[in-house]
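Structure, as structure tokens:
Read-outs: derived from the displayed coordinates by stated rules, not from any lab. Since this is a predicted model, take the numbers as computed values, not measurements. Here Cβ is always computed from backbone atoms with ideal geometry, including for glycine, and neighbour counts include all displayed protein chains.
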Amino acid sequence: MPDPTTKNWTVRNEDGSRRVLVTKQLPGTRWLSILTSADCRVEVCDSDDVLTNAEIVERIGDRCDGVIGQLTEDWGEELFGALAAAGGRAYSNYAVGYNNVDVDAATRAGIPVGNTPGVLTETTAEMAASLTLSAGRRIVEADRFMRGGRYEGWLPTMFLGQRFYGKTVGVMGCGRIGAAYGRMMVEGFKMNLVYYDLYPNERLEAYVAAYGEHLVANGEAPVTARRLETVDEVLAEADVVSIHTVLDESTHHLINAERLALMKDDAILVNTARGPVIDEAALVAHCRTHQDFKAGLDVFEDEPAMKPGLTELDNVTIVPHIASATTWTREGMATLAAANVAGLLQGLPVWDDVDVTPFLDGDVPPFVPSVVNPSVLNGIGGME
Ligand code: DGY
């Protein structure tokens, strides 16, 4: 009798000489042709369940060249050890974030780790903007009201929300996605921007300054972008705060009860980065006692679970980690993850440009799009 808990895997290009596991079905077809063109036998798990380490180790078996894994999996010592022991030489996360990956463990095992930057930027920023608007204008709450058959006619005081025009948007972590979100809010709603980041984003500041001059030339008030010294200053000054940091020890519970207390009573807090950046239990408590405060969350501390009480709050808008969920982006992520694994297995050099669009159409460049521990490659030479 087959074990009923065993997941079904679909095998493509059965005779390929390199064995690559893909732990979830991926959208589009380009990713598969990249792997099969690199002579990979591709085994794709058909199940939507999160695979356990034991299931992944079992599937890696005695011989496995590479894996495309998911942010829901725990890629550490155990899995990289099993992959290295099976002769593996490539791993790619199907994500730009890699807090589920112990990069040091991968490096110790001699395995390069790929990720998928450059195709999530606008898509994720658009979701952060959507959550900002939904939370501030109470869209989901009003939708529930309509579906509940409670609309009995227009009223001057019904669902009053926030006006964004001319207010201040705060960006926590002003890398690619944070800067794209900031620009959307500045250009779309003429908001002033403040941000916190370890490094100045001079390009963004120059962009906003030029936009401010354009507004003045057209008889409007200017907009500004300023990097503030501390997280606390951004929280105190901004009307809207959007989180775009990585998750690591320095950002775990970056937004806690004390910091929520620094925010304006009617501020909006948006998170499309990683759940544990916010102390979610503290946020629930804050939203309970501050009815005018709003939150828009795409990510959760104990995903897929949510902290008790979160779903009962009307001033919180919640979506299931879908900030990157557009067809273009998710297919692009699949393409980059496949090009990472195929390129590493063929011993190709790493792409040295933040623009990854050449990988998305036409002939795939003979490069590995993105590796987060490139130092490991120095010790690997001559993989072919
Ligand atoms: C990522 O890529 O890190 C997102 O969270 C999922 O697309």
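Side notes on the structure shown:
- For region 99-238: rounded, prolate or oblate by the Cα gyration tensor [a/c cutoff 1.5]: oblate
- Amide H contacts of VAL241: GLY170, ILE268, LEU269, VAL270, each under 5 Å away and 5 or more positions distant or on a separate chain (H built 1.01 Å from N in the peptide plane; Pro and chain starts excluded).
- Relative contact order (percent, whole number), the chain, Cα cutoff 8 Å, 6+ residue spacing: 18 percent
- Inter-site label distance for TRP154 and THR311 at 7 Å from Cα along Cβ, in nm: 3.6 nm
- Antiparallel DSSP beta bridges within region 121-318, percent to nearest 5: 5 percent
- Intensity falloff of region 121-318 expressed as log10 I(q)/I(0), Debye formula with alpha-carbon point scatterers, at q = 0.13, 0.15, 0.16, 0.18 Å⁻¹: -0.68, -0.88, -0.99, -1.22
- CD proxy at 222 nm, helix term only [per DSSP H run n ≥ 4: -39500 (n - 2.57); per residue of the chain; nearest 500]: -10000 deg cm²/dmol
- Anchor LYS7: lysines whose Cα lies under 29 Å away (excluding residues fewer than 8 positions away in-chain): LYS24
- Summarising the strand pairing of the chain, around 15 percent of its internal DSSP beta bridges are antiparallel.
- Only lysines eight or more places from LYS294 in sequence, or on another chain, were considered; those with a Cα closer than 28 Å are LYS167, LYS190, LYS264, LYS307.
- ³J(HN,Hα), Karplus 6.51/-1.76/1.60, whole Hz, each residue of region 164-171, x for Gly, Pro: 8, 3, x, 8, 10, 9, x, 10
- Each residue in THR357, THR23 was given a count of other beta-carbon atoms within 10 angstrom of its own, and listing them fewest first yields THR357, THR23.
- Inter-part distance, region 282-350 to region 72-108, computed on C-alpha centroids, equals 21 Å.
- Sorted by Cβ neighbour density within 10 Å, fewest at the top, the residues SER92, SER370: SER370, SER92
- For the chain, diffusion coefficient by Stokes-Einstein and Kirkwood Rh (Cα), 25 °C, 0.890 mPa s, µm²/s: 109 µm²/s
- Mean separation of Cα contacts under 8 Å, 6 or more apart, over the residue count of region 119-270: relative contact order %: 26 percent
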